[in-house]
Amino acid sequence: MTNPTIQAVTIAGHDSDGSAGMPADLHAFFADGVYGHGILTAAVSGNSYGITSSQVMPQEFIAEQFKVLSEDFDIKAAKTGMLANDDVINVVADNYSPEHFGPLVVDPVIITKHGAMLLEQSAYELFRERIIPLATVITPNFYEAQKLTGIEMTTDEERVKAAHHLQALGAKNVVIKGAHNDDSQTTVDDFVLLEDGDSFWLKKPFVKTDRLNGTGDSFSAIIAAELAKGNNVKIAVTKAKDAVYAAIANPLTVGHKFGPINHWDAQKELH
């Protein structure tokens, strides 16, 4: 009995300030009571003021991480984060399998919540072709959903249309996260489209704060952790929404500018 503990893996980049990427995923796994492994795709140098440099891991190194983890651990779910470029997308698509790593939650990590680009332009189409069809759940933010579908999403009806478009590209379940950069808004509304055709909205109060780093990472990681536990997608996304709201509503004082969400309060919400 070497693997009775529930385990999940994040396939992501490392942020040196600990607020986003793989560190946020591992914080979220821990907060939800799941042991976390990590397949490193890239690393960035940065602090609360911003990112200063980045390094993408070699394809052979990424592939080796998949190999060694599959040989030893009983991983029940996986999630992706920063995939960076064509090479990383291809090696992840070539090496991920549900048999070894469980259902996959795809956090696109294409455009930040403020609209900044994170994925090379040439890689968008490859991401659509090779990664989206692998997704048990895909969790784009508002801008990522616009980019992936070509739909402006100026109305709720267009957001519903965009979710169906992502499902047509191969994702089984879709969560389009609401924008939260308008100081006049009162709620953040996420639209959820399930594989069986059921759909619903998840709404939480808007919190005006610059302590939002790792929000999307943690949301998708908690979904993966809940799937690893055997919960269904509806339960997983609802628990993730509640936990991340608690983490945003009770900010930490780390760094001088943009900061992390509070995984300790997420943990209280989850248990």
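Of the strands (runs of 3 or more DSSP E) lying entirely inside segment 21-87, those carrying at least 1 residues that are of a type in the set (Gly, Ala, Ser) and within 15 Å of the chain's Cα centre (by Cα) are 35-47, 75-80.
Applying a threshold of 9 Å to beta carbon distances and a minimum spacing of six or more residues, or different chains, the list of pairs starting in segment 145-158 at a residue that is closer than 21 Å to Phe127 by Cβ and ending at one that is of a type in the set (Phe, Trp, Tyr) and assigned to a helix (DSSP H, G or I) reads Lys147/Tyr124; Leu148/Tyr124; Leu148/Phe127; Met153/Phe142. Before we move on, is Phe219 of a type outside the set (Gly, Ala, Ser) and in contact with a strand residue (DSSP E or B) (Cβ under 7 Å, 6 or more places away or on another chain)? Answer is no for this residue.
With the condition being more than 17 Å from the chain's Cα centre (by Cα) and closer than 19 Å to Gly21 by Cβ, I'd like the helices (runs of 4 or more DSSP H) fully within segment 137-234 carrying at least 1 qualifying residues.
Working: elements: 142-149, 156-168, 215-228.
Helices (runs of 4 or more DSSP H) meeting the threshold: none at all.
Evaluated against (1) closer than 25 Å to Pro4 by Cα; (2) of a type outside the set (S, T, N, Q); (3) touching an Asp or Glu at 6+ places or on another chain (Cβ under 8 Å), Ala249 falls short on exactly one condition, (1). Kindly indicate whether any position in segment 204-215 is of a type in the set (Asp, Glu) and buried (at least 21 other Cβ atoms within 10 Å of the Cβ). So far as segment 204-215 goes, no, none of its residues is of a type in the set (Asp, Glu) and buried (at least 21 other Cβ atoms within 10 Å of the Cβ).
If you scan segment 235-271, which residues turn out to be in a helix (DSSP H, G or I), of a type in the set (Phe, Trp, Tyr) and closer than 20 Å to Val188 by Cβ?
As a first pass, look at segment 235-271 and keep what is in a helix (DSSP H, G or I): 235-249, 263-270.
After this cut, where a residue has to be of a type in the set (Phe, Trp, Tyr) as well, the list is 245, 264.
If the condition is that a residue be in a helix (DSSP H, G or I), of a type in the set (Phe, Trp, Tyr) and closer than 20 Å to Val188 by Cβ, then Tyr245 is the only one that fits.
Within segment 28-49, residues that are touching a residue at least 24 places away in the same chain (Cβ under 8 Å) and farther than 18 Å from Ala243 by Cα reach no partner that is assigned to a helix (DSSP H, G or I) and of a type in the set (Gly, Ala, Ser) with beta carbons closer than 7 Å at six or more positions or on different chains.
In this structure, is Gly50 buried (at least 16 other Cβ atoms within 10 Å of the Cβ), modelled with pLDDT under 95 and on the phi > 0 side of the Ramachandran plot? Talk me through it step by step, then tell me what you get.
Numbers: buried (at least 16 other Cβ atoms within 10 Å of the Cβ): no; modelled with pLDDT under 95: yes; on the phi > 0 side of the Ramachandran plot: yes.
In short, no.
Taken as a whole, the structure places Leu119 among residues that are modelled with pLDDT under 95, part of a loop (DSSP other than H, G, I, E, B) and surrounded by 17 or more Cβ atoms within 10 Å (Cβ to Cβ). Within segment 1-47, if we keep just the residues that are of a type in the set (Ser, Thr, Tyr) and over 24 Å from Asp210 (Cα atoms), the residue that is surrounded by the fewest Cβ atoms within 10 Å (Cβ to Cβ) turns out to be Thr2. Condition (residue is surrounded by fewer than 20 Cβ atoms within 10 Å (Cβ to Cβ) and modelled with pLDDT of 95 or more) applied to segment 133-140: is it met by at least one residue? Yes, the conditions are met somewhere in segment 133-140. Given the criteria farther than 16 Å from Gln7 by Cβ and out of contact with any His (no Cβ under 7 Å at 6 or more places or on another chain), does Val34 qualify? Here the answer is no, as Val34 does not meet what is asked.
The sole residue among Ser199, Ser220 that is closer than 19 Å to Asn262 by Cα and modelled with pLDDT of 95 or more is Ser220.
The values are calculated or read from the model by the stated rules, or taken from the named source; none is laboratory data. Treat the numbers as computed from the prediction; the structure is a model and nothing was measured. All Cβ positions, glycine included, derive from the backbone under ideal geometry; neighbour counts span all protein chains shown.
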